[in-house]
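Heads up, the thing below is written out as structure tokens.
Throughout, read-outs are computed from the coordinates displayed, never taken from laboratory work. The model shown is predicted, which means the values in this text are computed figures rather than measured ones. Cβ coordinates were reconstructed from backbone atoms using ideal geometry, including for glycine residues, and neighbour counts include every protein chain displayed.
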Amino acid sequence: MNSFFYICNNFTGNKVHSETIFKISRKYNNANHYIFVPCSSKKLLGKNFIKTDNVFIEYIYINKFFRFLPLLKSFLIFICILIKSKKYNIKWKEGKCLAYTFWSDGIISLYLNLIFKTPFSVFLRVTDTSVFFKYGFYLRPFFYLISKRTSFIFFPSKVLEENFLKYNFISKDKEKNFFLPNSINEFWLENVYHYDNLEIKNKKILFVGSFDKNKNLPTVLNACSILYANRQDFSLVFIGGSLSDFKKICKISEIPNWVCVVDKLKKDELLYKYRQSNIMIVPSFLETFGMVYLEAISQGCFVVHSKNQGIDYIFNNGFSYSVDPNDEIRIFNILNELLDKDFKMQSSELKNNLDFFSSRKLIDLYSIFFN
């Protein structure tokens, strides 16, 4: 029986990965699928799972101290994987390995390739470029080896694909580069709405995401405060965290009466928030892709995102707009414009625009490596 291996250190924090692997396991149901999940917190062990007979998940605890020693960390994880794999009688030479990050997971796949000749492919994430490529000077020979020996390099965003070839310490073979984003959850495609911006009488601007520094909440609040000083015909809603966290990160003691803060919502509740809103703005400093953008678009909501991050360069359909995440005046201007923009799109046309991101289409693209 064929074997497919997955090295995925973010398996516990992202349902997208478990959903994707589950669908791959159904497509390739004549193979066994082994997922190895390195974790730096014991609380995450066993957090995520897949219920199917041909998927096996092994969690590997590694003390967070080892993040300061990335090579030693990778070697320890590799040894643990070999030990845990003994009970499955895995034949590494006869399988293929998919690494969900270029460095943290990719280096493990490189070890398997060097020792067992296991073919592997890697994803490039924003953490790879913003942390490891930027600061890991002594790791650059390994970056080169990973890019040289991998079968494919998958890019979740066009931005990462565009920027990758700028680095002089990787092997530059464009034939290996492949745009492969995460798929949008079927719930959103099954409930695609339509665009009719001026139909929304109670104008609303929405933020959806984690309440952390990277998501740039203070800039959103400041830009909207400038906007509210010019017009008072809209409200601003932040979804994704607690009121205390919001006040702390925005460094304010009181919430303006035109601002509402809401904790995380279930999909069906969030759907109606999107539909009731004109604009969703999440100008993150760093964003690999950002599924919330696709969710908002699927419900007829304009999206404002950061230049050279996330979904930039993907859409040119009148419903997505890029901004400098530090430019409050530009953000103010685009929000002001979009609140009054006469824009309509039927749900059928919108669904066609999003069809590429369906799991049906994207799972088939994995065949370039697995077949």
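Under 9 Å from the Cβ of Ile249, count the other residues' Cβ atoms, weight Lys and Arg +1, Asp and Glu -1, and hand me the total.
Once positives and negatives cancel, what remains is +3.
Quickly rank 347-358, 271-282 as a protection proxy: mean count of other C-beta atoms within 10 Å, highest first.
Most protected by this proxy first, the peptides run 271-282, 347-358.
Would you mind ranking Glu19, Glu199 so that the residue whose beta carbon has the fewest other beta carbons within 10 Å leads the list?
Ranking Glu19, Glu199 by Cβ neighbours within 10 Å, fewest first, gives Glu199, Glu19.
For the ranges 302-310, 111-119, 79-87, what's the packing order if you count other beta-carbon atoms within 10 Å of each residue, average per peptide, and put the highest first?
Packing order, densest peptide first, comes out as 302-310, 111-119, 79-87.
In which sequence would Ser104, Ser242 go, from the one with the fewest C-beta neighbours within 10 Å to the one with the most?
By the 10 Å Cβ count, ascending: Ser242, Ser104.
In debye, nearest 20, what is the charge dipole magnitude of region 132-280 about its Cα centre with +1 on Lys and Arg Cβ and -1 on Asp and Glu Cβ, if you could check?
640 debye
For helix 217-230, report the angle its Cα long axis makes with the longest principal axis of the Cα atoms of the chain; keep it between 0 and 90° and round to the nearest 10°.
Helix 217-230 sits at roughly 20 degrees to that axis.
Please turn the phi angles of region 2-11 into ³J(HN,Hα) values with the Karplus equation 6.51 cos²θ - 1.76 cosθ + 1.60 (θ = phi - 60°), one per residue in order, whole Hz, x for glycine and proline.
Ordered by residue, 3J(HN,Hα) equals 5, 10, 10, 10, 10, 9, 9, 6, 9, 4 Hz.
I'd like the distance separating the alpha-carbon centroids of region 42-117 and region 146-189, in whole Å.
Value for the Cα centre distance between the two parts: 21 Å.
Could you work out the local net charge near Ala31, counting Lys and Arg as +1, Asp and Glu as -1, over the other residues with Cβ closer than 14 Å to its Cβ?
+3
Over the alpha carbons of region 186-356, what is the largest minus smallest coordinate on each principal axis, giving the biggest first in Å?
Computed over region 186-356, the largest-to-smallest principal extents equal 45, 31, 30 Å.
Which whole-number percentage describes the relative contact order of the chain, with Cα contacts under 8 Å and a sequence gap of 6 or more?
About 15 percent, as a whole number.
Can you compute the FRET efficiency between Tyr138 and Glu190 using 1/(1 + (r/R0)^6), with r the Cβ-Cβ distance and R0 = 35 Å? Round to the nearest 0.05.
For Tyr138 and Glu190, the calculated efficiency is 0.15.
Please report, in debye to the nearest 20, how large the charge dipole of the chain is about its Cα centre when each Lys and Arg carries +1 at its beta carbon and each Asp and Glu carries -1 there.
Dipole of the chain, to the nearest 20 debye: 1600 debye.
Relative to the longest principal Cα axis of the chain, at what angle does helix 70-85 sit, 0 to 90 degrees, rounded to 10?
With both axes taken from Cα atoms, the answer is about 60 degrees.
Can you run phi through the Karplus equation (6.51, -1.76, 1.60; θ = phi - 60°) for region 274-289 and list ³J(HN,Hα) in whole Hz, with x for Gly and Pro?
Ordered by residue, 3J(HN,Hα) equals 4, 5, 8, 10, 7, 9, 10, 10, 9, x, 4, 6, 10, 8, 5, 9 Hz.
Under 5 Å between amide H atoms, partner at least 5 residues away or on a different chain: which partners does Lys204 have, H built in plane at 1.01 Å?
It is Ser235, Asn278, Ile279, by chain and number.
Which entries of Lys84/Lys264; Lys43/Lys73; Lys87/Lys148; Lys267/Lys341; Lys47/Lys86; Lys47/Lys204 have Cα-Cα distances beyond 30 Å here?
Lys84/Lys264; Lys87/Lys148; Lys47/Lys204
Please go through the residue pairs Lys273/Lys344; Lys51/Lys176; Lys96/Lys351; Lys203/Lys273; Lys23/Lys351 and name each one whose alpha carbons sit more than 23 Å apart in this structure.
Too far apart for the 23 Å limit: Lys51/Lys176; Lys96/Lys351.
Dipole of the chain (Lys/Arg Cβ +1, Asp/Glu Cβ -1, origin at the Cα centre): which of Tyr193, Phe207, Phe132 lies farthest to the positive side?
Toward the positive end, the furthest listed residue is Phe132.
Net charge around Lys307, counting only other residues with Cβ within less than 13 Å of its Cβ (Lys, Arg = +1; Asp, Glu = -1)?
For residues surrounding Lys307, the net value is -3.
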